Amino acid sequence: MRIDIDEIKCCGGGQCVVAAPEVFDQRDEDGIVVLLDANPAAELLPKVLDAAARCPALAIRVEQ
């Protein structure tokens, strides 16, 4: 699995952090997503897919 983030699209909603805090965080200054692990373990796939689905700006792309 590989994750790509489009920081320009990110609106700082934080749903990705709620869904997969092991993989995503937010910058303190503006709430923009921070990718903690671009290639997380396979067992995190359901959480990562949930995070991508929750993103209101569609800023998360997951390649399996």
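The values are calculated or read from the model by the stated rules, or taken from the named source; none is laboratory data. What you are looking at is a predicted structure, and each value in this text was computed from that prediction instead of being measured. Quick reminder, even Gly has a Cβ in these numbers, built from the backbone with ideal geometry, and neighbours come from all protein chains shown.
Some observations on this one:
- Pick from region 44-56, criterion part of a helix (DSSP H, G or I) and under 11 Å from the mean Cα position of the chain (by Cα), ranking: surrounded by the fewest Cβ atoms within 10 Å (Cβ to Cβ): Ala53
- Of all residues in region 26-40, none are assigned to a helix (DSSP H, G or I) and at pLDDT 95 or above.
- Subset of region 2-43 [surrounded by fewer than 16 Cβ atoms within 10 Å (Cβ to Cβ), in contact (Cβ under 8 Å) with a residue 40 or more places away in the chain and closer than 15 Å to Glu63 by Cα]: Arg2, Asp4, Asp6, Ala42
- For Val62, the conditions (1) outside any strand (DSSP E or B); (2) at pLDDT 95 or above are fulfilled apart from (1).
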